[in-house]
Amino acid sequence: MQVAIQSRGLLAGLDESALKARVQTPPYQKLWDDMARAWRLVAERSARADGNYGYGALAWYSISPLAIEAALLHRWRGDAVALDYVRGRAEHLVRMAEDPSLAARAPGKAYPVHSNWELALAADLCRAALDGPVLDRLMRLFRTRAIDFHNGTRSILYYGAGANIPLCQAVTAGIVALVWGQDCAHPEWERVVDLARDACIENLRYGFDQNGYPYEGTGYGHTTLFHIYL
């Protein structure tokens, strides 16, 4: 399947050459080096455990930690090992979708829904390098499962408005739809993007008090704000 190389994700609308130059100069250079070092540690641990390990509350719905950072390392430094990590995380996610018994053995015993948006954004950064069987399988997953993985209007109506689970699912699906919906030919990708936007608005309207404190506490509140930020 042939797809456009131009980013629809994190680099959309940015001057990529200027951003790349900026992260290679102080004080951003240290942040970039720290990110690269953190990714190597995570990748080494992931290789030893095949990705099936937990890493704290509110994080176990993912099997692809730092996949986006790895994708940037490949895109801007030509790091082949980082590309292999992204490819491996993508293949693992697809395997879990195709074989439910793998998800049953994963931390939390659930399909890693947060990996949908992580790998959607990571794969977007590696569009040219992932073009082929891996990308085809990932696109099929986006079209048949990831974009439809949400609670619909529950995220903006009734008791669900402002709640963390409907919001996070709506945004996760919306990110995949925004970045890959057209390429994977999902028939309602634009509606899912609209739903994610509306879910963000309702969460900010009903999920926080007038001082900005989340009604569900800082743990869930920070998670929802992270999704809204994306």
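The values are calculated or read from the model by the stated rules, or taken from the named source; none is laboratory data. Just so it is clear, the model here is predicted, and its values are computed rather than measured. Every residue, glycine among them, receives a Cβ derived from its backbone with ideal geometry; neighbour counts consider all protein chains shown. When the accessible area is computed, the model is the full protein with side chains, heavy atoms only, and any ligands, DNA or RNA have been set aside. Shrake-Rupley method; radii C 1.70, N 1.55, O 1.52, S 1.80 Å.
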Discussion item. Taking the solvent-accessible surface of protein heavy atoms with a 1.4 Å probe, what is the per residue accessible area of the chain in Å²?
Written reply: 50 Å²
Worksheet item: Probe 1.4 Å, all protein chains in place: accessible area of I165 in Å², nearest 10?
Response: 100 Å²
Worksheet item: Using a probe of 1.4 angstrom, how much of the accessible area of the stretch 84-230 is carbon and sulfur, in percent?
Response: 54 percent
Worksheet entry | Under-5 Å amide H pairs with C126, H placed in peptide plane, nonlocal only | none
Fill in: C-alpha long axis of helix 217-229 to longest principal axis of the chain, angle in °
60 degrees
Worksheet item: In percent, how large is the relative contact order of the chain, given Cα pairs closer than 8 Å and 6 or more residues apart?
Response: 18 percent
Item to complete: Specify which residue in the list W189, C200, H227 is farthest towards the positive end of the charge dipole of the chain, using unit charges on the beta carbon of Lys, Arg (+1) and Asp, Glu (-1), about the Cα centre.
Response: H227
Worksheet entry | Size of charge dipole - the chain - debye, nearest 20, with Cβ of Lys, Arg +1 and Asp, Glu -1, no other charges | 380 debye
Practice prompt. Describe numerically, in nm with one decimal, the distance between label points set 7 Å from Cα along Cα→Cβ at Y229 and at R37.
Written response: 2.2 nm
Discussion item. Multiplying the sequence separation of L19 and Y206 by 0.36 nm and subtracting their Cα-Cα distance, what value in nm do you get?
Written reply: 63.8 nm
Worksheet, complete the sentence: For the chain, the charge dipole (Cβ of Lys, Arg +1; Cβ of Asp, Glu -1; about the Cα centre) points to a positive end, and the Cα of N151, Y28, Q210 closest to that extreme belongs to Y28
Discussion item. Check which residues have an amide H placed less than 5 Å from F208's amide H, if you skip close sequence neighbours.
Written reply: Y215
Item to complete: Can you bin the stretch 183-230 into rounded, prolate or oblate? Criterion: square roots of the alpha carbon gyration tensor eigenvalues sorted a ≥ b ≥ c, rounded for a/c under 1.5, prolate for a/b above b/c, oblate for the rest.
Response: prolate
